[in-house]
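Rule-based calculations on the coordinates, nothing more; no lab input. If you're wondering where the values come from, they're calculated on a predicted model, not measured in any experiment. Every residue, glycine as well, gets a Cβ built from its backbone with ideal geometry; the counts of neighbours run over all protein chains shown.
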Amino acid sequence: MTSTTASAPAVVRAGSLRSSIRVEPLTNAIGAELSNVDLGAASRDPALVAEIRALLLRHRVLFFRDQDMTRAEHVAFARHFGELESHPVAGSDPEHPGLVRIYKSPEVPNDRYENSWHCDATWREKPPFGCVLRCIECPPVGGDTMWANMALAYERLPEHIKTQIAGLRARHSIEASFGAAMPIEKRLALKAQYPDAEHPVVRTHSETGEKILFVNAFTTHITNYHTPANVRFGQDANPGAGLLLSYLIRQAYIPEFQVRFRWKKNSVAIWDNRSTQHYAVQDFWPAVRNLERAGIVGDRPC
Ligand code: SIN
């Protein structure tokens with residue numbers, strides 16, 4: 001099964017859409033802009049959501065402009081895909097639990113979390129299925145978000161690397177990311193509440209069956225590298241495992257796997273968090289950038 005946008009599982013064939021959604025792929029690897037669709041109306045139309053879901057599987061990230069929807073519609077639309085989850089560090093809208101506020105302004109320090117290549121919350125046993133992110137206010141310029149196709153990143157790995165990483169597993173940590181700058185008591189309390197998760201280095205997409213390279217900025221180390229096949233002398237383990245992980249994490253940085261989106265007020269992005277990574281470019285400070293994200297509970301990677 002191939003994984004480029006052009007040849008991804010043909011969930012939606014040209015001309016097979018029931019609705020009048022227009023689909024414009026933005027790169028050959030990932031991402032499409034959809035027009036002639038109102039997500040507020042879609043929040044009340046399961047058949048339309050089903051078409052959008054099929055397009056999501058094909059393009060991995062979908063972009064929409066001019067979605068002047070209410071927060072209740074944003075939540076209702078996202079709920080068609082599953083339960084929503086809050087974030088232990090970023091706060092949610094008080095009236096809409098699960099609608100996480102990603103608000104940046106001169107008063108809020110420009111932090112160091114979204115500007116790394118990552119899948120959301122892989123420190124959870126069940127990382128999110130995906131997210132619906134809407135722009136409330138954006139900088140006049142800057143603050144773009146980028147996504148990378150991690151099925152394509154896997155597909156393009158050299159065969160000997162695919163062989164080497166088959167069966168490897170890795171640890172993902174909120175403690176080492178969001179927790180790192182906290183005082184030790186707070187960091188350990190965060191870790192106690194959200195213990196590190198372990199996932200396969202290559203996961204299988206639960207809907208398409210594709211293989212996906214599944215390490216990112218939350219990944220701290222490979223947990224089962226130190227075997228006789230990889231390590232002749234103990235010395236081989238380090239930096240061997242670290243170099244391999246670093247090489248794998250750097251695959252998301254390759255522009256041929258990416259798309260970059262410029263936000264406008266009421267733009268929406270929906271992404272499949274199982275098969276993509278993203279990076280929010282923090283080049284806009286001190287301008288305001290306010291986005292709201294509905295993160296949808298996912299399944300256990302295997
Ligand atoms: C995120 O990392 O989920 C947020 C992306 C963004 O702020 O553009």
Quiz prompt | Anisotropy class of the range 80-189 from Cα gyration tensor, a/c 1.5 cut | solution = prolate
Self-check item: 222 nm mean residue ellipticity, helices alone, for the chain (DSSP H n ≥ 4; -39,500 (n - 2.57); rounded to 500)
Solution: -6000 deg cm²/dmol
Quiz item: Which order results if 156, 53, 300 are arranged by neighbouring Cβ count within 10 Å, fewest first?
Solution: 300, 156, 53
Exercise. Any chance you could run the full-extension gain for residue 125 through residue 189? It's 0.36 nm times the residue separation minus the Cα-Cα distance, nm to one decimal.
Key: 21.3 nm
Quiz item: Could you put 85, 185, 256 in order, starting from the residue whose Cβ has the fewest other Cβ atoms within 10 Å?
Solution: 185, 256, 85
Quiz item: Per 10 Å bin from zero, what fraction in whole % of the C-alpha pairs of the range 200-302 is there, up to the bin with the longest pair?
Solution: 11, 33, 32, 17, 6, 1
Practice problem: Enumerate lysine pairs in the chain that are 8 or more residues apart or on different chains, then count those whose Cα atoms are under 28 Å apart. | Solution: 10
Exercise. Give me the percent of Cα-Cα pairs in the range 24-82 that sit more than 15 Å apart, rounded to a whole number.
Key: 48
Quiz item: When the Kirkwood radius is taken over all Cα pairs of the chain, what Stokes-Einstein diffusion coefficient follows at 10 °C and 1.306 mPa s, in µm²/s?
Solution: 80
Quiz item: Using a ≥ b ≥ c from the Cα gyration tensor of the range 135-237 (square roots of the eigenvalues), is it rounded, prolate or oblate, where a/c under 1.5 gives rounded and otherwise the larger of a/b and b/c decides, a/b for prolate?
Solution: oblate
Quiz item: What ranking do 246, 92 get, fewest neighbouring Cβ atoms within 10 angstrom at the top?
Solution: 246, 92
Exercise. Could you tell me how many degrees, from 0 to 90 and to the nearest 10, lie between the Cα long axis of helix 184-193 and the main elongation axis, the longest principal axis, of the Cα atoms of the chain?
Key: 70
Quiz item: Working from the pairwise distances between different alpha carbons, so that the mean of 1/r is found and then inverted, what is the range 260-302's Kirkwood radius in Å?
Solution: 13.0
Quiz item: Can you tell which of 249, 188, 129 lies farthest toward the positive end of the dipole of the chain, using +1 and -1 charges on the Cβ of basic and acidic side chains (Lys, Arg; Asp, Glu)?
Solution: 249
Self-check item: Values of log10 I(q)/I(0), in the order q = 0.12 Å⁻¹, for the range 30-147 under a Debye, Cα-only, solvent-free model
Solution: -0.49
Practice problem: Can you tell me the equivalent ellipsoid semi-axes for the range 147-190? Use √(5λ) from the Cα gyration tensor, largest first, whole Å. | Solution: 34, 13, 7
